[in-house]
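Please treat every number below as a calculation from the coordinates, not as lab data. The structure presented is a predicted model; accordingly, all values stated were derived computationally and were not measured. Note that each Cβ is placed from the backbone with ideal geometry, even for glycine, and that neighbours are counted across all protein chains shown.
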Amino acid sequence: MTASSRTGTLDLSPNAVTVLERRYLVKDDHGKPVEQPEDLFWRVARTIAEPERRYGASDKAVEGLAETFFELMATRVWMPNSPTLMNAGRPLGQLSACFVLPVEDALSNGQSGIYDTLRAMALVHQSGGGTGFSFSRLRPKNDVVRSTMGVASGPVSFMKLYDASTDVVKQGGTRRGANMGILRVDHPDILEFIACKDDLTQVTNFNISVAVTDAFMRALEEGAAYELIHPRSGAAVGRLDAREVFRKIVHGAWKTGEPGVYFIDRANHYNPVPHLGSYEATNPCGEQPLLPYDVCNRGSINLGLFAKDGDVDWDRLRTAVHLCTHFLDNVIDANKYPLTEIDDLAKRIRRIGLGVMGWADLLVRLGLPYNSDEGVALGRRMMEFVDEEAKAASGRLAEQRGVFPEWERSIWGPDATCARGPKGERVRPMRRLRNCNLTTVAPTGTISIIAGCS
């Protein structure tokens, strides 16, 4: 029986079909699609259901779950991120959208030096992923390089090198590569970084953000100067007026939309696995803080389809959240990662990013203005619900498959000093989870077009 005869005709808009044909459907050597949208959804569904076998599922159970995953996509309730739609069941097999790669202060050290990471970036882009980098470890411009007695060219120059490389590698052969470049506000080259996109022809494949520290925010509040720190020595090498730096950030954001700000100390407060490292950077659109060599696969539930009799169909939404959490956890096992370091960390912490789209559609169907108190209250209730149900689903998966391997020392584990306050009390309850992190509200460009929602 064919997919179309089992499910009827897919309810896809002409725009959705156009996007699928241009970017997602498998094509022949002449660029002509050789699969239909139904085929794509079955290709994805069967690939993501396949990891069930390693947890003891029968052939019948695997096929049943594949049918369930197919229905989620075919009815536009759920769409995984673009690399999953593009690559599942195909030779590339890389299913994640978001990566962060480390950049060490060395041209090459065999792993994470500037040119080592440049190569890794190209591999990630080729596989369909986007990359984030912190350039904060690089010595400042004009610093003496003792090995050559030359001078350093600084973080901005190397960011431009990465930008030029991105120009020539399309993501998965279908879209231009995307990057996030981050520099700490206490790096000596911060003013050059803030202004590096004043010329709109420069660094066009990067979003940029300033990593803002708590110390900077205190200086800003007090109207004081703050210290610049040399990244190699850790020594203070100068001071800048915090309000003047902030004015430059605001002016740049007004002029070109860049830079953004990334509250790095606040982000690390929520790091679920601080024993493995600190958040330095985010993915290209900024919604996902990640560790070095960290990765996140994402997908979004179409909330507009959950309006019922003037309210949210909470029971149906709960079912969808649990299924989609299961889907994303399976993606980790089905994924073919571009680097062994990424593969290792992904399976140790099992980070997923369950998100939502179609929020404005839901509000329209409920008759609630977007900027009303009722709309804001529903938004708060909605994300509490999605977050809690995702954790419940992850807890159920943990019972069946085990907690993520780094759980013991994570913020969710029994011995986590990182989960304790100043008096030794737990600030987060111990919770057995399959995934260190569960929710991410990502921008949904083409997948919202496929789903036909806002």
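Details
- Lys-Lys pairs in the chain that are eight or more residues apart or on separate chains and whose Cα atoms lie under 18 Å of each other come to 9.
- Our coupling estimate for the range 372-386, obtained by passing each phi through the Karplus curve with A = 6.51, B = -1.76, C = 1.60 and θ = phi - 60°, is 8, 4, 5, x, 5, 5, 5, x, 5, 5, 4, 6, 4, 5, 4 Hz, Gly and Pro reported as x.
- Dipole magnitude for the range 274-387: about 180 debye, using +1 per Lys or Arg Cβ and -1 per Asp or Glu Cβ, origin at the Cα centre.
- Report note on the peptides 439-447, 378-386, 152-160, 291-299: ranked by the mean count of other C-beta atoms within 10 Å, highest first, their order is 291-299, 152-160, 439-447, 378-386.
- Summarising the label geometry, the points placed 7 Å from Cα in the beta-carbon direction at residue 344 and residue 58 lie 4.0 nm from one another.
- Mean residue ellipticity (222 nm) of the chain, computed from DSSP H runs ≥ 4 via -39,500 (n - 2.57), nearest 500: -12000 deg cm²/dmol
- Hz values of 3J(HN,Hα) by residue in the range 164-169 - Karplus curve (6.51, -1.76, 1.60), Gly and Pro given as x: 5, 5, 4, 4, 9, 10
- Extension gain for the segment residue 268 to residue 192, taken as residue separation times 0.36 nm less the Cα-Cα distance, is 24.8 nm to one decimal.
- Looking at the chain alone, DSSP beta bridges between its own residues are antiparallel in about 45 percent of cases.
- In this label model, residue 364 and residue 316 are separated by 1.8 nm, measuring between points 7 Å along each Cα→Cβ vector.
- Cβ-to-Cβ counts within 10 Å put 230, 269, 187, 326 in ascending order as 269, 230, 326, 187, the fewest first.
- Additional length obtainable on full extension of the chain from residue 227 to residue 204, 0.36 nm per residue less Cα span: 5.3 nm
- Rounded to whole Hz, the Karplus (6.51, -1.76, 1.60) HN-Hα couplings of the range 319-325, x for glycine and proline: 4, 5, 4, 5, 5, 6, 5
- Between amide H atoms placed 1.01 Å from N, distances below 5 Å from residue 294 occur with 100, all of them 5 or more places distant or on a separate chain.
- Each label point was placed 7 Å from the Cα along the Cα-to-Cβ direction; for residue 408 and residue 383 their separation is 3.4 nm.
- Taking amide H atoms as placed 1.01 Å from N in the peptide plane, the amide H of residue 211 lies under 5 Å from those of 183, 184, 185, 262, each 5 or more residues away in sequence or on another chain.
- For residue 130, the residues whose amide H sits under 5 Å from its own are 98, 99, ignoring neighbours fewer than 5 places away on the same chain, with H placed 1.01 Å from N.
- Ranking of 65, 339 by count of other Cβ atoms within 10 Å, fewest first: 339, 65
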